[in-house]
Amino acid sequence: MTKSALAAAVRWHASWPAWLLGSLLAAYTVGLLLKGDAESELFDNVAATLTRWLPAIVCWLALLRVGRRRGEMILATAGITVNAVADSYFYFVVHNSGAPPFPSPADAGYLVFYTLMLGALGVLVHRQLRGLPRTVLLDCAVGASGTATLLVVMLGPLAESATDGPETLGGTIVTAYAVLDILLAAALAGLATSRGLFVGRRWMLLVTGLAVFTGADITYFLTDSGALSLPRAPLEIAWAGGLALIALWVHASGRPEGARSRAPLAGSALLMPGLATAAGLAVLILGTRTHVSTLAVVLAALTMTLATVPLAFRQRVLRHQARTDELTGLPNRRALYSEATVRLAAASGTGTALLLMDLDRFKEVNDSLGHDVGDRLLIQVGLRLTRQLGPGDLLSRLGGDEFAVLLARADPDDAVITAIVLRAAIAETFMLEGIALQTNVSIGIACYPDQGDDLGGLLRKADMAMYKAKSSRTGYHVYTSADDSDFGTRLRTLHELRVAIKTDQLVLHYQPKLELTTGEVRGVEALVRWNHPYRGLLQPGDFLSLVEEAGLMHEMTHVLLAQALDQAAVWMLRQIRLSISVNLSPSSLLDAALPERIASMLEARGLPASVLILEITEEYLMQDYDLARASLTRLRATGVRISIDDFGTGYSSLAYLRDLPIDELKLDRSFLTPMQDDPRAAALVASTIDLAHSLDLRMVAEGVETADALSELSLFGCDQAQGYFISRPVPAGELAAWLTARGASFRTEETEEDVHAAT
């Protein structure tokens, strides 16, 4: 059997009862409409009985599939079967007798049907509402009691009139009908009020079927008592339709469940309690002006009482929610401020400490993996921190990726020990969506009362200490008075840096890369500088760490890539064909849109992809090899070349050289300095160059500062070299003059196809 045929068979198996019951109900409805008031024993008895037995057969077939595991299905199947037996007796025995007796055995079957269906609802409600808040259960009770109040007002007098005089079995049966109608309607109203049920197509089938059936029964009760005037045909159709819907629910419950969602039925979670409360109030007011049964007044009073009880719960819940972080379930900033006054006063004799924590590079997680992964990371961070703290410590999430811990009793040494423990816990790998993710936390520590006599002061000092820990990469830092000036300088520099990125204060200087075999210059490395309006030309070490901390690396990378490619396009127009190497930070590589952005930037300038070389530090590759491989593969697919910077400093396996899509290695300067005086260092450089060539990789040596180093690298077969001995990084205009002074020829590394594509 083909997959399509199998799928069709599965769909038919799932939908045949709906088609069969729907067709029967449609035919029955048409027959009743065409028959009108005419008597037809065959149609009145046989067709009506068939509409009762076919749902029972569907239920039994479903029950045979699941066995005895589902109590609600057993009760519902038994109820529909008992109702079919009772209706058969009624149509073929009671209905055809000259004077139909009341009560009859059929009435016993109808009452049993109600009881069994109430039992089925009870099983479902017990399973579905388990563990839900008490306010949900109270809302259900309000809806049920309010509905019962209305029905008692409507049906109570009719039941009382039917039982006037000596107590008879008939009067008892009428009262039982009224009570069961009221109970079933009240149960349905309670279900409709619930905000915690798993609602879907199956629940709607059951609730709608029972509502239709019960509504028809209540209407019949009012019609039979003379309170309403309605032909019997619509009631017969409603009874048959209600049973069909219940049978479809039983059939659907026998199949595996799909996705479910917790939601109120038909949007009635707020509407039903309000209507029920209004009904109870109306009955109480009506009782002051006319006679209302005692039971109706009691139910109305119960409804009003139950409606007021959730208000107290909700107030407590709202207070709890106002002090709780919605994502992690931890106390929030409001809770911290509320608790701090009491706790700090209690600790005045012994002192305590506030630890302010901020996840390192959390913005990269959100930008590269999505905010849902970032949220799950925050939840796991909260759990790990909680497990490391004592029962008297208060952990709170202040917002974003900031957490705070108010220690119960601690001196500065205790606070430092706690900070070390917390950092160790967060440093362990997180598994999120199958991704191994590593992060860390920077912690600022402020001690009470020496560094602040209230929470506001402690938070300010801890904030300064935290950013000191970030900038110094120490992981944690205890506040000192010197941090005040450092913090002010940092804030000012951060503001200036944001302005610099937007106003082209960041500029590129270019350092030539010399071909050792020919003496030509075929490429340059672009190195960023900050042309500060007051402090002059700043080196990368003066501001790059702040760029990372502030989450500005994506924006800065885009600006610098645009500058580098603009310069490459200018050089190409002047027939100066140079490749440009641009350094990418680990945070830039986490930008999922980077490959597409680079490809579009190259295309917009008419540049071949091979003009751009992206330099990645070896340290990044070792942090998360799988993620690095995926990022580099996507970048390499655009046609740009990949270079590994600072090669040899990662202290890691060289297996990645075989697996990663890379084109060249840049030998770190630390290997060149001892090369001239140490034969073993020289041998290491020579073997590293041979290793690169054996893997068909180019080798570039950086940090060349002497003629002897350049000569030895040439002898070892190194491909390119760069360093102060050759040229310092210079602006583009000075580079052109330098190249002219050298009399260098500018030959490109691109193939003829690349040159043709560029022109």
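Here are a few things to note about the model shown:
- Along the axis of the charge dipole computed for region 405-547 (Cβ charges of +1 for Lys and Arg, -1 for Asp and Glu, origin at the Cα centre), the listed residues 518, 475, 505 are led at the positive end by 518.
- Shape call, region 669-708: gyration tensor on alpha carbons, a/c limit 1.5: oblate
- Net dipole in debye of region 485-629 [+1 Lys, Arg Cβ; -1 Asp, Glu Cβ; about Cα centre; nearest 20]: 580
- Residue-by-residue Karplus 3J(HN,Hα) for region 628-641, coefficients 6.51, -1.76, 1.60, Hz, glycine and proline x: 4, 4, 4, 5, 5, 4, 5, 5, 5, 5, 6, x, 6, 9
- Gained length - residue 26 relative to residue 626, 0.36 nm times residue gap less alpha-carbon distance: 209.9 nm
- Ranking by accessible area, most exposed first, for 333, 397 with a 1.4 Å probe: 333, 397
- Modelled spin labels at residue 334 and residue 411, positioned 7 Å past Cα toward Cβ, are 3.9 nm from each other.
- For region 418-424, 3J(HN,Hα) per residue [Karplus equation, 6.51 cos²θ - 1.76 cosθ + 1.60, θ = phi - 60°, Hz, x = Gly/Pro]: 4, 4, 5, 5, 5, 5, 5
- 326, 428, 618, ranked by accessible area, largest first (probe 1.4 Å): 326, 428, 618
- Summed side-chain charge close to residue 701 - residues other than residue 701 whose Cβ falls under 10 Å, Lys, Arg +1, Asp, Glu -1: -1
- Scanning residues 5 or more positions from residue 330 or on other chains, those with amide H under 5 Å from its amide H are 325, with H placed 1.01 Å from N in the peptide plane.
- With the simple spin-label model, which puts each label point 7 Å out from Cα in the Cβ direction, the residue 473 to residue 341 separation comes to 4.4 nm.
- On the beta carbon distance between residue 542 and residue 480, with R0 = 25 Å, the FRET formula returns roughly 0.65.
- Cα point-scatterer Debye curve for region 501-574, base-10 log of I(q)/I(0) at q = 0.11, 0.14, 0.20 Å⁻¹: -0.35, -0.54, -0.93
- Paramagnetic reach from residue 383 (point 7 Å along Cα→Cβ, amide N under 15 Å) across region 422-441: 426, 428-435, 437
- Under-5 Å amide H pairs with residue 398, H placed in peptide plane, nonlocal only: 403, 404
- Summing charges over neighbours of residue 514, with a neighbour being any other residue whose Cβ is under 12 Å away from its Cβ, gives -2 when K and R count +1 and D and E count -1.
- Residue order for 16, 571 - accessible surface, 1.4 angstrom probe, largest first: 16, 571
- Solvent-accessible area, 1.4 Å probe, carbon plus sulfur percent, for region 484-641: 54
- Computed E for residue 728/residue 531 - FRET, C-beta separation, R0 25 angstrom, nearest 0.05: 0.95
- Database remark: amide H of residue 448 closer than 5 angstrom to the amide H of 352, 353, 354 (H placed geometrically; neighbours at sequence offset of 5 or more, or on other chains; Pro and chain starts carry no H).
- Taking 0.36 nm per residue of separation and subtracting the Cα-Cα distance, full extension of the segment from residue 569 to residue 229 would add 113.4 nm.
- The overall shape of region 356-477, judged from the alpha-carbon gyration tensor, is prolate: a/c is not under 1.5, and a/b is greater than b/c.
- When you count the other C-beta atoms within 10 angstrom of each residue and take the mean per peptide, 206-216, 664-674 line up highest first as 206-216, 664-674.
- The phi torsions of region 687-698, fed into the Karplus equation with coefficients 6.51, -1.76 and 1.60 and a -60° offset, translate into couplings of 5, 5, 5, 5, 4, 4, 5, 5, 9, 6, 10, 7 Hz, rounded to whole numbers, with Gly and Pro shown as x.
The values are calculated or read from the model by the stated rules, or taken from the named source; none is laboratory data. Quick caveat, the model's predicted, so the values are computed rather than measured. Positions of Cβ are generated from backbone atoms using ideal geometry, with glycine treated the same way; all protein chains shown enter the neighbour counts. The accessibility values were calculated without ligands, DNA or RNA, using every heavy atom of the protein model including side chains. Shrake-Rupley method; radii C 1.70, N 1.55, O 1.52, S 1.80 Å.
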